[in-house]
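Asker: Sharing a structure, written as structure tokens. Questions coming.
The values are calculated or read from the model by the stated rules, or taken from the named source; none is laboratory data. As the structure is a prediction and not an experimental result, all values here were calculated from the model. As a convention, Cβ positions derive from the backbone with ideal geometry for all residues, glycine included, and neighbour counts pool all protein chains shown.
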Amino acid sequence: MKKKKLRSKIIKIFKRHKLSEKHSKICADYLIKAEIMNVKSHGLTRLKMYCERIKKGLINSRPKIKIKKINSSISYIDADNSIGFVSSNIGIQQAIINAKKTGIGLVAVKKSGHFGLSSFYAEQAVKKNLIVFCFTNAPPALAPYGAKKSLFGTNPICFGVPTGKVPFILDTSTAMINRGKIRHAHKMGNKIPYGVALNKYGKITTSAKEALEGTQLPIAEFKGSGLAWMVDILSGVLTGSSHGGKVKDPFDDFSGPQNVGHLFITIDPKIFIGKRFMTEMKKNIKIVKKLPKAKGFYSILYPGERKNKIYKSNLKKDISIPSNILKEMEDLDVVE
Ligand SMILES: NC(=O)c1ccc[n+]([C@@H]2O[C@H](COP(=O)([O-])OP(=O)(O)OC[C@H]3O[C@@H](n4cnc5c(N)ncnc54)[C@H](O)[C@@H]3O)[C@@H](O)[C@H]2O)c1
């Protein structure tokens, strides 16, 4: 489907679900961006879930989002259970403003929801020539190292830095694969890769259904478990949001709002060495890229380069939408 047509369809659907025009546009743009980046797990496949939560009043369609200034660097946002895209958009914009004023911005967001890809927000800060960290917690998916039961989310870690060319954006979940990929595989009837999840009996499984009933594996065993825990502390405990396995799963827990927390940290890279930062940054990348290549490698990519290529090449193409998702969109468009 042509992107313009798809955008107006999504906006219409969100507006039917009582989101304002402005918020509907923000959400449509992020969902389409996920599709263009080929991260289908965070694109149109989630539209039905967001709408269901809005209909049930678990996502507040008309939130009164409050920004509390703690000082010129630090802000604290109460998202009032808004859809995560909207409050995170406000959060990163505030973090950019704060860093431009003082050299560093720290913005916590509480009472939020699933915000999609962390890179959506990191990119905005990098475009304004800032270094950025984005954190969010997520519903239980990983068993902490040594535990039998899932408790941490796939809690992504995102770090971005300007390079003068394609931004360096490391955006990775702390699980072997993000949970959305497993949900999407389940929806489309596909298998998941070997070695990323266990079934409820603790055996490796390639069945998406079994993986959703079991636990996902963290990256690098106890190190990944530790990183997921760190993200839960920064996004959940520090921000006053749910944590310790209490973030609700947006797909199958309708007992209340998700209460996800996000933390955005922005840093002006000129604070210590001034304009030399960019020269040194370019040098740094050049050194790594010049290294002799391992067998089977023709180039060394930095995080974000591959995704940027995918994004640019898909930008010219229409978006292909599987028939089951098209059907969901048709149904959502007739809701009262
Ligand atoms: N909102 C949430 O609750 C939530 C939870 C988990 C994940 N996510 C999002 O899901 C998305 C996907 O996560 P993922 O873990 O599947 O990411 P991924 O495995 O696709 O990529 C992880 C990182 O590795 C880099 N990378 C990939 N191939 C590379 C290569 N050949 N050389 C160098 N670097 C390379 C990518 O640029 C990226 O920064 C992320 O955007 C993340 O923010 C969101």
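Asker: Just checking: which of the strands (runs of 3 or more DSSP E) contained wholly in segment 129-207 hold 1 or more residues that are under 21 Å from LYS246 (Cβ atoms) and hydroxyl-bearing (Ser, Thr, Tyr)? Reasoning before the result, please.
Answerer: Working: elements: 131-136, 157-161, 168-172.
Passing ranges, in order: 131-136.
Asker: Please specify each residue of segment 254-285 satisfying the condition of being of a type in the set (S, T, N, Q) and in a helix (DSSP H, G or I).
Answerer: Answer for segment 254-285, where residues must be of a type in the set (S, T, N, Q) and in a helix (DSSP H, G or I): THR279, ASN284.
Asker: Evaluate the following for PRO144: is it under 20 Å from the mean Cα position of the chain (by Cα) and either touching a residue at least 12 places away in the same chain (Cβ under 8 Å) or more than 9 Å from the ligand (Cβ to nearest atom) (or both)?
Answerer: no
Asker: Still on this structure, I have one more. Take ASP268 and decide whether it is under 27 Å from ARG7 (Cα atoms) and more than 16 Å from the ligand (Cβ to nearest atom). Lay out the reasoning, then the answer.
Answerer: Numbers: under 27 Å from ARG7 (Cα atoms): no; more than 16 Å from the ligand (Cβ to nearest atom): yes.
Spelling it out, it is not the case that ASP268 is under 27 Å from ARG7 (Cα atoms) and more than 16 Å from the ligand (Cβ to nearest atom).
Here's the yes/no breakdown for (1) farther than 18 Å from LYS111 by Cα; (2) within 15 Å of the ligand (Cβ to nearest atom); (3) in a helix (DSSP H, G or I):
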position	(1), (2), (3)
LYS25	yes, no, yes
LEU31	yes, yes, yes
GLU35	yes, yes, yes
ARG46	yes, yes, yes
ARG53	no, yes, yes
LEU58	no, no, no
LYS64	no, no, no
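Asker: Please verify whether ILE233 is modelled with pLDDT of 95 or more, in a helix (DSSP H, G or I) and within 15 Å of the ligand (Cβ to nearest atom), treating the condition exactly as stated.
Answerer: no
Asker: In this structure, is ASN98 in a loop (DSSP other than H, G, I, E, B), at pLDDT 95 or above and polar (S, T, N, Q)? Let's see the steps before the verdict.
Answerer: Values: in a loop (DSSP other than H, G, I, E, B): no; at pLDDT 95 or above: yes; polar (S, T, N, Q): yes.
For ASN98, the condition - in a loop (DSSP other than H, G, I, E, B), at pLDDT 95 or above and polar (S, T, N, Q) - is not met.
Asker: I'm trying to understand the selection: among the residues of segment 291-336, which are closer than 16 Å to GLY43 by Cβ and within 16 Å of the ligand (Cβ to nearest atom)?
Answerer: LYS307, ILE310, TYR311, ASN314 - these are the residues of segment 291-336 that are closer than 16 Å to GLY43 by Cβ and within 16 Å of the ligand (Cβ to nearest atom).
Asker: May I ask you to verify whether LEU130 is assigned by TED's automatic domain parsing to the domain that holds PRO269, surrounded by fewer than 22 Cβ atoms within 10 Å (Cβ to Cβ) and closer than 30 Å to LYS275 by Cβ?
Answerer: no
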